[in-house]
Structure formats: structure tokens, C-alpha cells
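Enquirer: Please find one structure pasted underneath; my questions will follow.
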Amino acid sequence: MAGLLDLLDSPMGKQLISGVAGQTGQSPEKAGSVLTMALPVLMGAMKRNASTPEGAQGLMNALSNKHDGSIMDNLSGLFGGGVDDSVMNDGAGILGHVLGEKQPQVQNALSQKSGLDAGSIGTILKVAAPILMGFLGKQASQQNVSNANGIGDLLGGLMGGGDTAVKQQSLIESFLDSDGDGSVLDDVAGMVLGSGKSSGGGLGSLLGGLFGK
């Protein structure tokens, strides 16, 4: 199974990075750097949300309907004249659901790490969120995931991938709420972005192992 960050190395990923760069007026290098950090944070939060039956069913419903993957079929059209308001509003809704009140903290952490202003980060996240959902929808369709029970496995496989997926999923779960306080986004953002409660420099090497980078 292709991993999440393999998406960014694919031709479609290059198109995504180029489109996001054009939308925000940033260089492709900057846009790619932010997406490389942001996508695991968003997917980690989705995976945690899908750990409850209600959360998993909600995600399954979204992937079966509005976010079925069709957005991935015409990225050139999506970015051709600038991303329209309906997509941006959809992205804002997804971020509100996935990140909740932690969204400003995640945006600020991404801003500090990347050097981009928080407004540009917010725009990148709003564009990336519907595309990430579309990516998940297409993966769910290709792998015949038709019920909520398979969503967690799908997300875990995309984040871990390969023969060591079970071990990697375990590592992901262990750092999603590393201090046990239930504030998953503090821990995910802190560990992925190196701005929070994580200890030492372990995150870079952990993610390097998880995502093959």
C-alpha cells in the first residue's frame, strides 16, 4: 500500500504542491515542506477521531459520499483558475471537525516551523484538507473499505505502510497522546513539528522510520 507521503512524491503530488504554491503565492519548496508536515498531523488526528465507533462511522459516511475521491481526478481543473470558495469552505469545515479548538495552535506551530505566516498556513490547510479526504476516499474505494470497522486499518496502513504496519501503527498510537491527557493535537503537533511536549529529538527519527524519509 502506498503511504501518505508517497502521495507527495508522485506526479499527482507534484501537481498538488504546485497548485497550493500558486494559491498561496509561496514557492513550491515552501508549500511542499508545509504539506509534508501538515498531512501526517491531519491524518493522525483523523485516525484518533476514527478510534470511536461514532467517529469511524462519520468518516466512512463522508468518504462514501462527498469525499469519494473524485476531487483527485481533476487537480488541474481545481487549481486552474484558483481554488473556488466552495472547496475552501469545505476545507474549513473539515479542519474544524478534525482539529477543533486546537486548529490555531497547529497553524501557529506549522508557521513557526516553516517560516510562513499563519494566514498562508491556514490557506494551505484549507486546500489540503478536502484533497486529503479525497485521497482517503479513493483509497477506501480501491481497497473495498465499505464499513467503519476498516477505516482505522486504512488510516494506520497509510501512515505506517509496508510489512511493519502493525508495529508502526503501535508507535503512532503511542505518540498521539504521549502525555496521556487526552489532548491528542498537542502531542501530534508537538511531536511532528518539534514544538511541543515531546522529549529529545526522537520525532524526526520516528517519522523518518514511519514514512520512509
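Enquirer: Could you state the number of Å between the C-alpha centres of the range 1-71 and the range 95-112?
Expert: Cα centres, the range 95-112 to the range 1-71: 15 Å.
Enquirer: Let me ask you something else. Leaving out ligands and nucleic acids, note down the accessible area per residue over the range 1-129 with a 1.4 angstrom probe, in whole Å².
Expert: 43 Å²
Enquirer: OK, next. Rounded to the nearest 0.05, what FRET efficiency do Asp84 and Asp6 have when you use their Cβ-Cβ distance and R0 = 30 Å?
Expert: 0.60
Enquirer: Under a crude label model (7 Å from the Cα following the beta-carbon direction), how far is Asn61 from Gln142 in nanometres?
Expert: Spacing of the two 7 Å Cα→Cβ label points: 2.7 nm.
Enquirer: What percent does the relative contact order of the range 11-110 come to when contacts are Cα pairs within less than 8 Å and at least six residues apart?
Expert: The normalised contact order for the range 11-110 reaches 32 percent.
Enquirer: What does the charge count near Val20 come to, summing +1 for each Lys or Arg and -1 for each Asp or Glu among other residues with Cβ under 14 Å from its Cβ?
Expert: +2
Enquirer: Now a separate question. Whole-Hz Karplus ³J(HN,Hα) for the range 145-151, in order, using 6.51 cos²θ - 1.76 cosθ + 1.60 and θ = phi - 60°, x for Gly and Pro?
Expert: Result, rounded to whole Hz: 7, 10, 9, 5, 5, x, 5.
Enquirer: Once you have the alpha carbon radius of gyration of the range 1-70, what is it after dividing by 2.2 N^0.38 Å, with N set to its residue count? Intermediate results must be reported in sequence, preceding the final value.
Expert: Details: Rg = 14.2 Å, N = 70, 2.2 N^0.38 = 11.1 Å.
Expressed relative to 2.2 N^0.38 Å, the Cα Rg reads 1.28.
The values are calculated or read from the model by the stated rules, or taken from the named source; none is laboratory data. Note that the structure is predicted; figures quoted are calculated from it, not measured. Positions of Cβ are generated from backbone atoms using ideal geometry, with glycine treated the same way; all protein chains shown enter the neighbour counts. Note: areas computed on protein heavy atoms with side chains; ligands, DNA, RNA excluded. Shrake-Rupley method; radii C 1.70, N 1.55, O 1.52, S 1.80 Å.
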